[in-house]
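Heads up, the thing below is written out as structure tokens.
Just so it is clear, none of the values below were taken in a lab; they were calculated from the coordinates. This structure is a prediction, so every number in the text was calculated from the model and none was measured. We place every Cβ from the backbone using ideal geometry, glycine too, and count neighbours over all the protein chains shown.
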Amino acid sequence: MDVSTTTAEPIALDPRRSLIGLISEHRELAIQLAEHLDLLVIESDPLSGTSVLLSMTLDDADRPTLAIDARSTGDALDLAMAIATAAVTRLAPQAASWWNSTSTIDIEGLSLSHALAGQGVNLDDLRLGAGSGTEQLRHALELAAALSAGPALVAIDHLDDLLERLNAQASRELLGALRADHQRAGSVQQLLVGRTDGRLASALRDPGHPLYRAGPILRVRRPRPQRFIDDLAIGRAWTTVPDDVIAAAAELAAGAPAYVWRTLDAVTTSTGHPGARVLDAWRHLRQATEPATAQQFRLLASTHRAAPTVVCAIALGVGPYELPLNPKSVNDALTRMRARGQVFSPEKQRWAVSDPLLGAWAREHAPIWVYRHAHAG
């Protein structure tokens, strides 16, 4: 989609405003997809707006697309069933009622089963979740390819959420199954979305991994606040919010697009300094989400016992290794939190709390001795 020339929708409802801050990434993704690459990986920062970017780009794809959210899957078998269900629902809707029921007799189901039997795909096992997870994953991708009149695209978002729940061997086998299908003649095209330096992106850089150099990587960073203003040169028609109000919201939300627009939606039209009105809207958002944010902070301790303290330090601008803690504990906490998307490194030798609401909560509830380190000197 050429985002600069499409017909405008009613400004108050224009969904393209979500691309402000990510317009160049949207164009790059659209170009990559137009090349019909066999496999493309998106490596994205937490809360970077990648999921919305992906959804809006896939809406304009020139071929059948299956969008899978891996956050609700627990292993390779879950992922296989999610892909197969999406394939039947999207590409063979006449068989969807049979697929989603417990019935064992259905004309459309029998027809579909017979069509795939020659490829060794047992639809009942795939539909009911029986057998090896990696084997069924291959069968699910074969099913998607068989049901598509032309090359289909399977887009798996949040894949690192699934990979981190698996042990290293199971993660390797799952990615190996994706690579094996990627190399099969007539296979579907794959778009895999993971986190910055997550297991997915690391596999593509590891010479010993089956996924090594399987396809190009598109990097999507969390937009800096200034990007929202720069992108208004193209996206000004998509929102009536003044530049200074957008800039203030982007600073408070640390560039996280979803929070930027949630804050702007709550800004009142009353008179007063724009910065004050944005700050008031941000405070309302924090109050509305405070119970969930507090619970999110409490759960940090289950990641690592030092994680809550490390998050407080990062939120206050203190380097985590400056704390009077065992450096190994700090390193372990950072490694585990990064793998879970709780913290990320926006630039070399700098850490940030992924969720700006969690960062704001941590600043206000940090231990007093961490405050002292923040204000020392």
In nm, the gap between the two label points placed 7 Å beyond Cα toward Cβ at GLN226 and ARG350 is 1.1
Taking Cα atoms only, helix 243-252 is inclined relative to the longest principal axis of the chain by an angle, in degrees rounded to 10, of 90
Given unit charges at Cβ for Lys, Arg (+) and Asp, Glu (-), the dipole magnitude of region 22-220 about its Cα centre in debye, nearest 20, is 280
Helix 133-147: inclination vs the chain longest Cα principal axis, degrees, rounded to 10, gives 70
Ordering 30-37, 331-338 by per-residue average of other C-beta atoms within 10 angstrom, highest first, gives 331-338, 30-37
In terms of the alpha carbon gyration tensor, root eigenvalues a ≥ b ≥ c, rounded if a/c is under 1.5 and otherwise prolate when a/b exceeds b/c or oblate, region 225-296 is oblate
Dividing the helical contributions, -39500 (n - 2.57) per DSSP H run of n ≥ 4, by the residues of the chain yields a 222 nm value, nearest 500 deg cm²/dmol, of -15500 deg cm²/dmol
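Quote the relative contact order of the chain in percent (integer), defining contacts as alpha-carbon pairs under 8 Å separated by 6+ residues.
20
Highest mean first, what order results for 158-166, 198-206, 340-348 on Cβ atoms within 10 Å?
The densest-packed peptide leads the list: 158-166, 198-206, 340-348.
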Heads up, region 299-375 by the C-alpha gyration tensor (a ≥ b ≥ c square roots of eigenvalues; a/c under 1.5 rounded, else a/b over b/c prolate, else oblate) looks rounded
If one compares the long axis through the Cα atoms of helix 274-298 with the longest principal axis of the Cα atoms of the chain, the angle in degrees, nearest 10, works out at 60
